[in-house]
1. Within region 1-42, take every residue that is among the hydroxyl-bearing types (Ser, Thr, Tyr) and modelled with pLDDT of 95 or more and give me the one that is farthest from the chain's Cα centre (by Cα).
2. Would you confirm whether any residue within region 217-229 is at pLDDT below 95 and either assigned to a helix (DSSP H, G or I) or in contact with a strand residue (DSSP E or B) (Cβ under 8 Å, 6 or more places away or on another chain) (or both)?
3. List the strands (runs of 3 or more DSSP E) inside region 247-304, counting only whole elements, that have at least 1 residues being within 16 Å of residue 210 (Cβ to Cβ).
4. Looking only at residues in region 179-216 that are part of a strand (DSSP E or B) and touching a Pro at 6+ places or on another chain (Cβ under 8 Å), which one is modelled with the lowest pLDDT?
5. Have a look at 142, 147, 154, 165 and point out the one that is among the hydrophobic types (A, V, I, L, M, F, W, C), closer than 23 Å to residue 95 by Cβ and outside any helix (DSSP H, G or I).
Amino acid sequence: MTRKLAQDAAIYVAGHRGMVGQAIWRALQRNGYCNLIGRTRDELDLTDQHAVVEFIEQQRPDAVIIAAARVGGIGANVRYPARFFYDNASIALNLIHAAWQVGVERLIFLGSSCIYPRECPQPIKEEYLLSGPLEFTNRPYAVAKIAGIEMCWAYNRQYGTRFVALQPTNLYGPGDRYDLEASHVIPALLLRFDMAKRDNLSAVEVWGSGRPLREFLYVDDLAQACVRVLELDDNELSEIVCSEKMPPLINVGSGEEVSIARLAEMVAATVGYEGEIAFNPVRPDGTPRKLLDSSRMQALGWSAVTSLKDGLVFAYQDMLARRNQ
């Protein structure tokens, strides 16, 4: 009988206070895992190699999920490229190396669909990684995430580790960050339209032409994908991590895409804003289209269950609840 992760296994969720980490924590608890480990940024600086090694050696977790990251929208990526590169590269390098040092059984490294080339064939398959130039606006962040993927693959090949990289599409949901300067597109739009509704503004500006197509995934659906990978038995996991030709990389997406223009309309309807939507083509669009091929993840028995329409309602309710606290 092949071995699986035990229910009482010690699981460290790096970034457990962020949107993704919170969702993974909830999903693990729902699935019966009771020995979860989390540290806030004040308690553990993941860019500090010495502190990370000391922490992992003390805790000796059975599994590590790296959900910690410095994230932001196009504006933040353009404004702070060095910070996005250094923080994300440091988090990946420190945690993956420390996990190997203490013999962590399983590790999941979470990346982003921006790791793929800007002009990528659609839908995007895992093998398209490093097949062309990256989108310039988030290149430092993407390169840092690619380094984490390559590190997982290298350690699997050299040391026999069982480290997997999951690459989700654009995420949103409860616990998101609502900031006009630093947020991703959905939380930024929810906040912008909500402010316009409250202030009775006649129009809302949306960056870009509105033409780019995007795929979005509700964060709790991603969390369930993480649990599914964590629960693979040894044989299933070996098929992913032991390849000499393919990195241990799995796309996680909803399979549905929407234009930014249509998304803005859906957000306006969710919020109840009835004014004009004004697109500003002077602002950057980013990558023209990003749709992941998630067939590899689906073959493991997972699929997204939350529609964009429902997910926007859940996200907006969360935003209002947090504002009223």
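The values are calculated or read from the model by the stated rules, or taken from the named source; none is laboratory data. Not measured: the values here are computed from a predicted model. Neighbour counts are summed over all protein chains in view; Cβ atoms, including those assigned to glycine, are modelled from backbone coordinates with ideal geometry.
1. 33
2. no
3. Correct list: 257-259, 276-280.
4. Only one residue tops the list, namely 207.
5. 165
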